[in-house]
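Right, one structure below, let's go through it.
The values are calculated or read from the model by the stated rules, or taken from the named source; none is laboratory data. It should be emphasised that the depicted structure is a prediction, and the values quoted were computed from it without experimental measurement. So basically every Cβ, Gly included, is an ideal-geometry build from the backbone, and we count neighbours across all protein chains shown. Accessible surface areas use protein heavy atoms only, side chains included; no ligands, DNA or RNA. Shrake-Rupley method; radii C 1.70, N 1.55, O 1.52, S 1.80 Å.
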Amino acid sequence: MTTPQVQRQIVYRRPKALNDVPTHYCPGCTHGIAHRLVAEVLDEMGVIEKTIGVASVGCSVFGYNYFECDFVEAPHGRAPAMATGIKRVIPDSIVFTYQGDGDLVSIGMGEITHAAARGENITVVFINNAIYGMTGGQMAPTTLPGQKTTSSQNGRDVKRMGYPIRMSEMLATLDGASYVVRRSLHDPANIRKAKKAIRTAFEVQHQGLGFSLVELLSTCPINWGMSPVEALKWVEEHMVPVYPLGDYKVSPTVAALRIR
Amino acid sequence: MPRVRGWIEVDESHCKGCGLCVAACPQDVMHLDPERLTSQGYHPAALKSEGCTGCGICAIVCPDAALTVFREVIAPQRQATAAAA
């Protein structure tokens with residue numbers, strides 16, 4: 001006769017690096033997924049005590065309320081400049097910026113480009129949802145050609161409004177950048193890959209290997225006028241072809257990195 | 001074969017009823033509970049029927065880290081002993 005043996009496991013629980021407060025993000029916004037992945041990585045690496053985050057302007061401005069680590073809030077677009085200062089003054093800390101496309105690609109274009117060119121030893125989590133979320137869905141530099149927004153109501157006309165900027169490809173041309181990749185948050189497999197990339201980016205900094213950036217294709221269901229599930233599909237069908245996923249810069253020292 | 005039984009706990013202070021977990025659940029055993037409202041006014045995610053395997057996909061797609069996923073693996077004693085040896 002056999003007695004059944006029961007093993008209980010916890011498969012998943014909320015990461016400790018996230019504060020126990022509800023976020024202000026709209027239902028289904030993938031900002032929450034990106035926050036969770038960063039928090040899981042900080043937990044796994046055990047660096048929460050020495051981590052300093054730099055919040056940007058946009059929906060993610062309230063990031064400082066949601067993480068257990070220290071946080072500062074930078075003026076619009078200036079998060080990489082602020083992170084540079086913090087990292088240089090406290091080199092043992094782990095410093096990351098969390099910026100949206102309205103912050104990083106438009107007003108913050110100068111700061112991010114020069115931080116990457118200088119090879120600052122910081123990590124940038126860059127959320128690209130092709131729109132200005134917080135201010136009501138205006139056209140961003142990353143808005144897709146033909147995409148309707150509140151300030152491009154007939155769709156983005158590239159002749160008049162220009163073309164979207166592919167940030168990862170651009171930054172990858174800079175010698176100072178060590179690790180620049182693009183991932184997406186539209187399904188479980190891609191979320192897993194995104195987490196691995198975020199982990200690698202933080203390890204790059206931890207081991208002093210230079211500038212790391214992870215671009216995450218993300219949603220804005222409310223301003224896109226879609227349900228959360230439709231928005232994920234829209235990322236897969238419309239954003240991924242314009243912003244191909246991949247590793248745009250992996251320096252030889254980073255390629256040799258083995259993460260336990 | 002060991003049997004697997006899973007279940008989830010939903011933290012209703014975080015859940016916003018976005019339904020991403022419902023759409024992603026490979027067993028199709030989740031729904032947004034029409035009988036409940038969270039303090040923020042959303043119908044929270046819940047299990048609607050038996051069959052959860054505790055795979056954790058719902059937690060991977062959850063934007064609000066509202067889910068805790070458990071699983072129970074029930075193995076006959078004989079197999080467990082063999083595995084331990």
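Here are the criteria: (1) in contact with a strand residue (DSSP E or B) (Cβ under 8 Å, 6 or more places away or on another chain); (2) assigned to a loop (DSSP other than H, G, I, E, B); (3) in contact (Cβ under 8 Å) with a residue 24 or more places away in the chain. Tell me which single one A:Arg156 does not satisfy.
Exception for A:Arg156: condition (3).
Would you check which residues across region B:49-66 are in contact (Cβ under 8 Å) with a residue 24 or more places away in the chain, within 7 Å of chain A (Cβ to nearest Cβ), within 16 Å of B:Val22 (Cβ to Cβ) and not in a helix (DSSP H, G or I) and list them?
B:Pro63, B:Asp64
So how many residues does region A:52-79 have that are over 15 Å from A:Gly102 (Cβ atoms) and either surrounded by 22 or more Cβ atoms within 10 Å (Cβ to Cβ) or touching a residue at least 40 places away in the same chain (Cβ under 8 Å) (or both)?
Of the residues in that region, 8 qualify.
Name the single residue, out of those in region A:194-217 being assigned to a helix (DSSP H, G or I) and in contact with a Leu (Cβ under 8 Å, 6 or more places away or on another chain), that is most open to solvent (accessible area, probe 1.4 Å).
A:Lys195
Being assigned to a strand (DSSP E or B) and either buried (at least 20 other Cβ atoms within 10 Å of the Cβ) or modelled with pLDDT under 95 (or both) is the filter here, so list the residues in region A:121-151 that pass it.
Our first condition is that a residue be assigned to a strand (DSSP E or B); within region A:121-151, this holds for A:123-128, A:132, A:138, A:149.
If the condition is that a residue be assigned to a strand (DSSP E or B) and either buried (at least 20 other Cβ atoms within 10 Å of the Cβ) or modelled with pLDDT under 95 (or both), then A:Thr123, A:Val124, A:Val125, A:Phe126, A:Ile127, A:Asn128, A:Tyr132, A:Thr149 are the ones that fit.
Does region B:29-46 hold any residues that are away from every other protein chain (no Cβ under 14 Å), open to solvent by 40 Å² or more (accessible area, probe 1.4 Å) and in contact (Cβ under 8 Å) with a residue 12 or more places away in the chain, and which are they?
B:Arg36
Return the residue satisfying two criteria in turn: it lies in region A:176-190 and is of a type in the set (A, V, I, L, M) and outside any helix (DSSP H, G or I), and of such residues it is nearest to the other protein chains (Cβ to nearest Cβ).
A:Leu185
Do you know which residues across region A:206-223 are in contact with a Ser or Thr (Cβ under 9 Å, 6 or more places away or on another chain) and within 19 Å of A:Ile127 (Cα to Cα)?
Hits for region A:206-223 are A:Phe211, A:Ser212, A:Leu213, A:Val214, A:Glu215, A:Leu216, A:Leu217, A:Ser218, A:Thr219, A:Cys220, A:Pro221, A:Asn223.
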